[in-house]
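The values are calculated or read from the model by the stated rules, or taken from the named source; none is laboratory data. As the structure is a prediction and not an experimental result, all values here were calculated from the model. A quick note on method: Cβ atoms are made from the backbone with ideal geometry, for glycine too, and the neighbour counts reach across all protein chains shown. Ligands, DNA and RNA are stripped out before the accessible areas are found, and what is left, the full protein with its side chains, is counted by its heavy atoms. Shrake-Rupley method; radii C 1.70, N 1.55, O 1.52, S 1.80 Å.
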Amino acid sequence: MITYCKEKRLFRLSGKSFDYVMYVNDAGFLQFLHFGGRVGNDCDFFTAYGSTLAPNPQDRNFDMAFNEMPSEYAFFGHGDFREPTALIEREDGGLVSRFRYVSHKITAGVPVVPDMPHVRIGGDTLTVVLKDDFSDTEILLNYNVADDSDVLARNAEIINTGKSPVTLKRAFSFCTELPDDKFNVMRLHGTWGAERTPEVTPLGHGAVRLHSLRGTSSHQMNPFLGLLRRDCTEELGESYGFQLIYSGSYALTCEDGPFDTVRVQGGVNDTAFCWRLAGGERFVTPQAALCYSDGGLGKLSRSYADFLRDRVINPAYVKKRRPVVVNNWEATYFDFNNEKLFAIIDEAAKLGIDTFVLDDGWFGKRDDDTTGLGDWFVNEKKLEGGLKTVIDRCKKNGLKFGLWFEPEMVCKDSDLYRAHPEWAIHKEGVPLAESRNQLVLDFSRKEVVDHVFAVMSKVLEENDISYVKWDMNRNITENYSASLPADRQGELHHRYILGVYDLAERLTSSFPHIFFEGCASGGARFDAGMLYYFPQIWTSDNTDGYERAKIQWGTSICYPASAMSCHVSACPNHQTRRTTPFATRGAVASLGAFGYELDLSKLGAEEKELVKGQTEAYYKTAELVLSGDLYRLINPFTEDYFCEMLVSKDKKQAYVAGERLRSVPLDKNRLVRLVGLDEGKTYRIEELGLTASGATLVRHGLLLPRIAEYESWTWHIQEI
Ligand code: GLA
């Protein structure tokens, strides 16, 4: 709900359990007042006592007061010496700006964000128009809130209302300013095989910047920034989240300023960025999702999970039962033929798996990673009879068929590169940095996206395919687009991701019966932007039963369990060489969209029985993964155990999966509290043959099993 107090020009944006308050101060600036728990409708109070005093135009030091003013979109070069939200360069090189309120409107529904992922449904939208005092520039600030969501979606639009062109040198999506700095900063950093590792550090003065310059949201730093009160725990205390619905090079910054307030902002990365706006043109920034929790980090995560599932991810698939797949990548790598695939397919059908996914190597002349990307036609030498033969084998076994693509890439040794070397991103005279023997196609060029759409469509039209895994295995280097003029080269990264979104939109809408899974060298593009198109994303190439628990824990900080594609793979694990029990790999994978990544035909009878049992058990809890609430019970980064729990919204059903990560001498008894249950209900725990009240399970807890290192357990819990 959005309320407006006309007299004080005060806006109150109310979500499910938070309020965001701001007003137009007497000097005409949109000033931040409150972001946090529900407050009263106290217009007079807020404008008189609730915030830093507004700059007073009569004051001799008026222009210097901006350094103290909590801004909703910070300007540059006029008394505010903190980081600006936008930098707009005019033809004469001038950058000074000062944005004042002009008007606003409140509309039902979501704002239009063309060509980019965004909040699809719900709530009301406030649009505030600001105008620069010194140039013909307008800023539109869009705020979307819904009564049933704890997330505020924001973005900005910058319009050149004059005749001469301007150049945006920074164009962030949002700015907000918390009134004190008693926070720790949380980020999800990582690398290949260790994505989204939570790290919490004290917030100090100066600016903290989380960003990616890789063309993807990256393994290294997820587009999420958390501000946690110093006493914030999993279940108690306040926290804030700032997440971008964006998949390209981004930046999120928070600046603890001279008056101990924290300015948070972010959007498209401004390093090596520019965007030319001719007279009348506008630049629409990606949306950011701001979240407040008064129930610890756990509530923040659950609010983000609900927000993404209910309002962002493709509604046709978000809560639809996911295919339980077997993928041949770790089973065969590039070395496969019909016989090898048939062996996996025949076995899969017997073990309760419903989809076979053919990974890298089925196309062009691709027998290793040096050739073929870009040539999206089947390698009949390898697959005699083409894809049809494999698909027929799947059908005969009652399985569906899925296929891997890496649409954004090209190998030098490919027909596509030979025909169109200029389509690869490159800078004449600069040696090409090859990574995994491949180059990035220039998706800022429409003809490139059109071509990839045409060749992929042909494969998808001609074959009975129900699942696509869309991969992306390298970063952008030699940033330069042959199709952009010199003064627009800084537009490449954003235009590239717009091209990716364009292709994703065209493919998902042209083939609505196909389920798309995202992937980027494991989890290098695990973000809300990709989730808009692809309801699940391959979480990491690291499927080790120990490491995966940590990766999934970190990912769950701001993404739902249903978004995480999680597979059981063979041991010793291909990434870490570690051996963990089959059951443990299954228990960890069962906390997301479940599947297998191994050669089923090589499993022994006992393991095959385990697969059967795991798939059967998974069908019982799949609904919880899709729409339940996740509670993180024991932190694998700080404890010797890992334990998470999924609870249905009506609290009638729950599922716990845990693992012993490290054995210690003199093992002691340990209890775990089952936080999410209804204290008033009585539950049966299947594996323990035990009945107990929700109150006891929540307030007292259950003894953890005394098991050896890497062993695991699951508890299926049902109200009786
Ligand atoms: C990436 C993916 C893997 C697999 C390979 C194929 O690494 O993350 O799952 O698809 O590419 O080349």
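Data overview
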{"item": "The chain: angle of helix 446-462 to the longest principal axis, Cα-based, in degrees nearest 10", "result": "30 degrees"}
{"item": "Reduced Cα scattering model of segment 364-428, Debye log10 I(q)/I(0), q = 0.17, 0.21 Å⁻¹", "result": "-0.68, -0.88"}
{"item": "Cα-based equivalent ellipsoid, segment 593-667: semi-axes from gyration tensor eigenvalues, Å", "result": "25, 22, 10"}
{"item": "Packing-based ranking, highest mean first, of 69-77, 55-63 given that Cβ atoms within 10 Å are counted", "result": "69-77, 55-63"}
{"item": "Loop chymotrypsin sites (Phe, Trp or Tyr not before Pro), segment 621-669, which have at most 13 other Cβ atoms in a 10 Å radius of their Cβ (DSSP)", "result": "F637"}
{"item": "Mean projected area in nm² (Cα convex hull; one quarter of hull surface) for segment 8-140", "result": "9.8 nm²"}
{"item": "DSSP-loop trypsin sites (Lys or Arg not before Pro) across segment 308-379, with at most 13 other Cβ within 10 angstrom", "result": "K320, R321"}
{"item": "For segment 76-120, Kirkwood radius (reciprocal of mean inverse C-alpha pair distance, Å)", "result": "14.1 Å"}
{"item": "Share, in percent, of DSSP beta bridges within the chain that are antiparallel, nearest 5", "result": "80 percent"}
{"item": "Mean shadow area of segment 108-221 over all directions, Cα convex hull, nm²", "result": "10.6 nm²"}
{"item": "Using alpha-carbon coordinates, inclination of helix 492-510 to the longest axis of the chain, degrees", "result": "50 degrees"}
{"item": "Inverse mean reciprocal Cα-Cα distance (Kirkwood Rh) of segment 514-576, Å", "result": "11.9 Å"}
{"item": "Whole-percent pair-distance distribution, where bins are 5 Å wide, for the alpha carbons of segment 303-345", "result": "5, 18, 17, 11, 9, 11, 13, 11, 5, 0"}
{"item": "Segment 625-720, relative contact order in percent, only Cα pairs under 8 angstrom and at least six apart counted", "result": "30 percent"}
{"item": "DSSP-assigned coil residues among GluC sites (Glu not before Pro) in segment 230-337, each with at most 16 further Cβ atoms within 10 Å", "result": "E235, E281"}
{"item": "For the chain, size of Cβ-based charge dipole, Lys and Arg +1, Asp and Glu -1, in debye", "result": "1000 debye"}
{"item": "Charge dipole of segment 265-326 about the Cα centre (unit charges at C-beta), most positive-ward option of A278, S303, A288", "result": "S303"}
{"item": "Considering only segment 371-492, percent of DSSP beta bridges that pair antiparallel, nearest 5", "result": "45 percent"}
{"item": "Calculated [θ] (222 nm, deg cm²/dmol) that DSSP helices of n ≥ 4 give over the chain, each run adding -39,500 (n - 2.57)", "result": "-6000 deg cm²/dmol"}
{"item": "Principal axes of segment 626-720: Cα extent on each, largest first, Å", "result": "39, 26, 20"}
{"item": "Viscosity 1.306 mPa s, temperature 10 °C, Stokes-Einstein D of segment 530-665 from Kirkwood C-alpha radius, µm²/s", "result": "104 µm²/s"}
{"item": "Per residue, in Å², the accessible surface of the chain once ligands and nucleic acids are set aside, probe 1.4 Å", "result": "36 Å²"}
{"item": "Carbon plus sulfur fraction of accessible area for the chain, probe 1.4 Å, in percent", "result": "51 percent"}
{"item": "Degrees separating the helix 338-350 axis from the principal Cα axis of the chain, which is the longest one", "result": "90 degrees"}
{"item": "Spatially proximal lysines relative to K299 (Cα-Cα < 26 Å; intrachain offsets below 8 disregarded)", "result": "K16, K182, K319, K320, K550, K620, K649, K651, K652, K681"}
{"item": "Length-normalised contact order for the chain - Cα pairs under 8 Å, 6+ apart - percent", "result": "10 percent"}
{"item": "Percent of Cα-Cα distances greater than 17 Å, calculated over segment 125-165", "result": "42 percent"}
{"item": "When the convex hull of its Cα atoms is projected in every direction, mean area for segment 455-577 (nm²)", "result": "9.9 nm²"}
{"item": "Normalised per residue, the volume of the convex hull around the Cα set of segment 390-519 (Å³)", "result": "115 Å³"}
{"item": "Overall Cα dimensions of the chain - principal axes, largest extent first, Å", "result": "85, 69, 45"}
{"item": "Percent of Cα-Cα distances greater than 23 Å, calculated over segment 167-274", "result": "28 percent"}
{"item": "Contact order normalised by residue count of segment 150-244, Cα under 8 Å, 6+ apart, percent", "result": "23 percent"}
{"item": "More than 15 angstrom apart: percent of Cα pairs within segment 37-114", "result": "71 percent"}
{"item": "Sorted peptide list for 419-427, 620-628, criterion being average Cβ within 10 angstrom, highest first", "result": "620-628, 419-427"}
